[in-house]
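Since the structure comes first, as structure tokens, the remarks are kept for the end.
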Amino acid sequence: EEGSLFVADVYLDNRGELLKDPVFDGGREEPTDGEVLLRFWERYGWERLGEVKGSYAFAYWDPKAGRVTLAADQLANRRLYYAVVDRILYFSTLMEPIAALNRGKLHENREVFQDFLAMADRRVYLDHEATVFSEIRHVTAGELLEITAQGGSRRVSWDPLKNLSLFSGKSDEDYKRE
């Protein structure tokens, strides 16, 4: 779209499958993984983002909606950090640039340090977005964060339990009838 901006760190595992989609009806012979992800995102949005397999983190500015969307792949292989400091949104796949640009404005997140030292496994920590700085967070696996001037909201683009059906074996009565 006119005026939109898309930045991504992406490696697609199912690019061949995605290129079969009607959204890719010609044009440039060999689009980059970033172009494939952008066109798929612009066509289908978050509803079908779970179909994209691979490692990615991206930011998309939609000027008509006045919204920035930050997204991470299903496993958060590409970590996407963000912070809002002095009404400015910073984002990066590395925490260090955000911290360097905001030197003196960030505060250490003591809870993260305490939990890190107390727990053998960091994955157990309940606040999965937390980082060593209170102001810097990260987008969690399979999540989209939409940010406007009014605030932010979250959506899940991939839920591993969405189509999971629990095993229901036969009851004792079913076996007796056989």
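Annotations for the structure displayed:
- Check on residue 100, part of a loop (DSSP other than H, G, I, E, B) and at pLDDT 90 or above: no
So that you can scan it fast, the table gives a plain yes or no per residue for (1) among the charged types (D, E, K, R); (2) surrounded by fewer than 19 Cβ atoms within 10 Å (Cβ to Cβ):
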site: 64; (1), (2): yes, yes
site: 67; (1), (2): yes, yes
site: 77; (1), (2): no, yes
site: 98; (1), (2): no, no
site: 108; (1), (2): yes, yes
site: 112; (1), (2): no, yes
site: 118; (1), (2): no, yes
site: 135; (1), (2): yes, yes
site: 151; (1), (2): no, yes
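- Filter result for residue 126 (open to solvent by 80 Å² or more (accessible area, probe 1.4 Å), more than 22 Å from residue 46 (Cα to Cα) and modelled with pLDDT of 85 or more): no
- Options 44, 11: the member that is of a type outside the set (Asp, Glu) and assigned to a helix (DSSP H, G or I): 44
- Residue 18 vs. criteria in contact with a strand residue (DSSP E or B) (Cβ under 6 Å, 6 or more places away or on another chain), on the phi < 0 side of the Ramachandran plot and open to solvent by less than 30 Å² (accessible area, probe 1.4 Å): no
The values are calculated or read from the model by the stated rules, or taken from the named source; none is laboratory data. Please read all numbers here as calculations on a predicted model, not as lab measurements. Quick reminder, even Gly has a Cβ in these numbers, built from the backbone with ideal geometry, and neighbours come from all protein chains shown. Please note that ligands, DNA and RNA were not included when accessible areas were found on the heavy atoms of the full protein model with its side chains. Shrake-Rupley method; radii C 1.70, N 1.55, O 1.52, S 1.80 Å.
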